[in-house]
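These notes concern the structure reproduced below.
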């Protein structure tokens, strides 16, 4: 009996797929359709880079977690009253961020928001940071496709950053050095460009910014600002005015436009989007664009994706565990439902995202240090991580966990036709889940996993594979090197 | 402040967990803020097991092991110094922080040494750069491996197990390098599937081999190591956990799992564990409250429980406790301590000749004064390596070091 003819799921060409995979959380048939309608990946990318676009429906998922809408003082009160702990609010935020990455139509914005949140990492678990952490993420997002200068100005003295790096309540004469140090070492010029005196002077520049330890109201307090001449690296200022906000801006602008910052930021972007070993020539050319465009981010990204090095780097980047989780859900496409509030919603899938991600080794905002989590391949290629990913793929592919508040597609829904050859079914699932055709290796591996001896075997609704073992097929496709990379 | 979350696993990702430099090789595992990494060097049982516990965030050695006879300390730390009358195991100059009380039996048994004013010879106040330097431990050599990775490479055996991972996260630099190592957040999570799959397990293994056997990237290496390690690790999984005897903390849970690995006797020779939260820029506190007393108590209780848990291996297990650098002598205006230089190292267990060891540099009460370093921390590590792992060469584990032992290990 012949196989029923089914229209094959269309896939993108290899170079289009490369660009889309690198700048999204994973290809889906829907995204592939959007790319085709835009006229190809380059046009899709250009449209995604426009910062002023309409709201993303995925933003509304924040409404699933009502505490995310509360102000810093309300959150603090709720925590003091033991009504809602700060850690719970942060878990809500992490769940929301993951759910938005899964569903967002603005994938490039999501990806870039993560990049900058990691560069300016403010760990969600940091004491008291929960009061301002959602706002911090929103500010990052607002600037993610703007300028680095804008990002630096908005984030360096954001209340969440001040709280994290001990600058929220500072001593004018002997300011805490933490924020000043990370401004130079991590956020801008980097190690080797400054000394201990620069750290002390930078800390002094940043005095005056204030977060009230009782109300969490943020303000600038002139009485807390240290005045007097200061120099940091190759910048100096007489700093005579008790209102030092202009001095902060002056230093941050200077550092944002510093060639050492340009190289450092552009190298980070090249490692994130090209390969672990970008050439110096690529980094230099990106830095030149960065400086010529006054730290604008979009021209740098456009230059990056137009480079030969980018084109040659297909599949060269490992997905970290959080990205694996998001890509897995994008591939498997279950429907999440809003969890009920209170304890009855705790095991619902939308509330399990951060848990799933954390137990594999990474989660949004979880990295506990100011340097942000590593973005190289080797850091996320350990035996333990592989085991954790295989386990997650197996649970999700079979719909075992999470099982509440989520509706998985059934095997019958995945079947492309009433009767289909096994090898055609593998090809179909590969197109649906990975956005590419199946090769012989994948067909053989799936046959082994599903105990199918003949690739021509006909699969239908009442076949044992469909009735009992479909998760083996799905998980095998998720376990491929292609799904572990982007 | 209530900080409960719906699942305790992710309520544990605490501040100052693991300090990591940007570019690292390898990967690991986290038990909340504690990280456990093990490296089984051979399937045979080990003669010596070295547990390296890193206090992440730069621990203040002057609070843990107090040089109370140095007159400067009290003046420099009016709000936070521990009074002499409260100290334990005083010898006329040094005394232990009272929160280290659970370790007193070990101290009295002569199985705990404190080496003070130890650290890197050249100060480095950046957590990340310092950590990289401390754990690489080969200044100027241009090596891209950590000292523990070189130690493992020097030891005979080389099991087919190419690496082992007890959790999530990123490998400490000390273990990173060409020798494969393994890491995992929990002993129980080591398995190809979330459940016993009976006959299907073989099919899955074959299928994974087909998918990955030609993949020569770091991912392919990791997948092959994972598959090889899963079987050989089972004896550790069969050991029951005695986590109830440990403090309910990340470090307690991590060390309870480390003990299972030791008792499972799967050939692990080097284990690293981290304890976060030592970066005390604010509120170091005193004996009635604040961060130090809590943190030191967690450290001591967890270590004491661990030593008891592995008492059947008391002639094998040596624990080294170190931090990337120390803190300043003088307290800051937040009753905290900023980044300094020298600190204290602790060595406990097998082969230790207990007591205080220091060439005391004297303290100064000036704004930026540090505890000066008089003992290169590599001498301390080298002495442990030399005494506990005769098969390893100090010169290859610590290139360029002129070995000059302190004398806290028995020959």
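Sort through A:454, A:461 and tell me the only one that's in contact with a helix residue (DSSP H, G or I) (Cβ under 6 Å, 6 or more places away or on another chain) and surrounded by fewer than 16 Cβ atoms within 10 Å (Cβ to Cβ).
One residue alone meets the criteria, A:461.
Given (1) closer than 30 Å to residue A:292 by Cβ; (2) part of a loop (DSSP other than H, G, I, E, B), identify the lone condition not met by residue A:226.
Here residue A:226 clears every test but (1).
Out of curiosity, is residue B:258 part of a helix (DSSP H, G or I), away from chain A (no Cβ under 14 Å) and under 17 Å from residue B:346 (Cβ atoms)?
yes
Regarding residue B:319, is this residue under 17 Å from residue B:61 (Cβ atoms), in contact with a strand residue (DSSP E or B) (Cβ under 9 Å, 6 or more places away or on another chain) and surrounded by fewer than 20 Cβ atoms within 10 Å (Cβ to Cβ)?
no
Looking only at region A:435-473, which residues are at positive phi and more than 34 Å from the chain's Cα centre (by Cα)?
Across region A:435-473, the qualifying residue is only A:451.
Just for region B:263-276: of the residues that are crowded, with 24+ Cβ neighbours inside 10 Å and outside any strand (DSSP E or B), which one is farthest from the other protein chains (Cβ to nearest Cβ)?
So the residue we want is B:266.
If a residue must be in a loop (DSSP other than H, G, I, E, B), at pLDDT 95 or above and in contact with a strand residue (DSSP E or B) (Cβ under 9 Å, 6 or more places away or on another chain), how many such residues does region A:1-53 contain?
Count: 0.
Would you be able to say whether some residue in region A:118-136 is in a helix (DSSP H, G or I), within 14 Å of chain B (Cβ to nearest Cβ) and closer than 18 Å to residue A:261 by Cβ?
Taking every residue of region A:118-136 in turn, at least one turns out to be in a helix (DSSP H, G or I), within 14 Å of chain B (Cβ to nearest Cβ) and closer than 18 Å to residue A:261 by Cβ.
Quick one: which residue in A:388, A:288, A:323 is part of a helix (DSSP H, G or I), more than 11 Å from chain B (Cβ to nearest Cβ) and in contact (Cβ under 8 Å) with a residue 60 or more places away in the chain?
A:323
Pick from A:189, A:169: which is touching a residue at least 12 places away in the same chain (Cβ under 8 Å), more than 9 Å from chain B (Cβ to nearest Cβ) and in a loop (DSSP other than H, G, I, E, B)?
Values: A:169 fails: more than 9 Å from chain B (Cβ to nearest Cβ).
When all the criteria are applied, what remains is A:189.
Can you go through B:177, B:169, B:158 and tell me which one is within 26 Å of the chain's Cα centre (by Cα), facing chain A (nearest Cβ under 7 Å), at pLDDT below 80 and part of a loop (DSSP other than H, G, I, E, B)?
B:169
Only one of A:428, A:463 is without any contact (Cβ under 8 Å) to a residue 40 or more places away in the chain and more than 14 Å from chain B (Cβ to nearest Cβ); which?
A:463
With in contact (Cβ under 8 Å) with a residue 12 or more places away in the chain, touching a helix residue (DSSP H, G or I) at 6+ places or on another chain (Cβ under 7 Å) and farther than 23 Å from residue B:380 by Cα as the only criterion, which of B:99, B:118, B:75 stands out?
Details: B:118 fails: farther than 23 Å from residue B:380 by Cα; B:75 fails: touching a helix residue (DSSP H, G or I) at 6+ places or on another chain (Cβ under 7 Å).
Within the list B:99, B:118, B:75, the selection yields B:99.
Of the numbered conditions (1) within 30 Å of residue A:293 (Cα to Cα); (2) without any contact (Cβ under 8 Å) to a residue 24 or more places away in the chain; (3) within 29 Å of the chain's Cα centre (by Cα), residue A:143 fails exactly one; give the number of that condition.
Checking residue A:143 against (1) within 30 Å of residue A:293 (Cα to Cα); (2) without any contact (Cβ under 8 Å) to a residue 24 or more places away in the chain; (3) within 29 Å of the chain's Cα centre (by Cα), the one that fails is (2).
Quick check on region A:356-377. Is at least one of its residues surrounded by fewer than 22 Cβ atoms within 10 Å (Cβ to Cβ), in a helix (DSSP H, G or I), in contact with a strand residue (DSSP E or B) (Cβ under 9 Å, 6 or more places away or on another chain) and within 11 Å of chain B (Cβ to nearest Cβ)?
No, because not a single residue in region A:356-377 is surrounded by fewer than 22 Cβ atoms within 10 Å (Cβ to Cβ), in a helix (DSSP H, G or I), in contact with a strand residue (DSSP E or B) (Cβ under 9 Å, 6 or more places away or on another chain) and within 11 Å of chain B (Cβ to nearest Cβ).
Being away from every other protein chain (no Cβ under 14 Å), over 31 Å from the mean Cα position of the chain (by Cα), surrounded by fewer than 16 Cβ atoms within 10 Å (Cβ to Cβ) and at pLDDT 95 or above is the requirement here; does residue A:223 meet it?
yes
Could you run through region A:466-486 and say how many residues are in a helix (DSSP H, G or I), closer than 30 Å to residue A:376 by Cα and facing chain B (nearest Cβ under 9 Å)?
4
What residue, among those in region A:336-355 that are under 24 Å from residue B:189 (Cα atoms) and not in a helix (DSSP H, G or I), is nearest to the other protein chains (Cβ to nearest Cβ)?
Start the filter on region A:336-355 by keeping residues that are under 24 Å from residue B:189 (Cα atoms), which leaves A:346-355.
Still in the running and not in a helix (DSSP H, G or I): A:346-348.
Values: A:346: 4, A:347: 8, A:348: 10 Å.
Checked region A:336-355; the qualifying residue nearest to the other protein chains (Cβ to nearest Cβ) is A:346.
Residue under question is residue B:131, and the condition is that it be surrounded by fewer than 22 Cβ atoms within 10 Å (Cβ to Cβ) and either within 30 Å of residue B:369 (Cα to Cα) or modelled with pLDDT under 80 (or both); does it hold?
Spelling it out, it is not the case that residue B:131 is surrounded by fewer than 22 Cβ atoms within 10 Å (Cβ to Cβ) and either within 30 Å of residue B:369 (Cα to Cα) or modelled with pLDDT under 80 (or both).
Quick one: how many residues across region A:70-117 are within 11 Å of chain B (Cβ to nearest Cβ) and in a loop (DSSP other than H, G, I, E, B)?
Residues in region A:70-117 being within 11 Å of chain B (Cβ to nearest Cβ) and in a loop (DSSP other than H, G, I, E, B): 5 in total.
For region B:44-65, indicate whether the set of residues that are within 17 Å of the chain's Cα centre (by Cα), modelled with pLDDT under 50 and over 29 Å from residue B:359 (Cβ atoms) is non-empty.
no
The values are calculated or read from the model by the stated rules, or taken from the named source; none is laboratory data. None of these values were measured; they are calculated from a predicted model. Cβ coordinates were reconstructed from backbone atoms using ideal geometry, including for glycine residues, and neighbour counts include every protein chain displayed.
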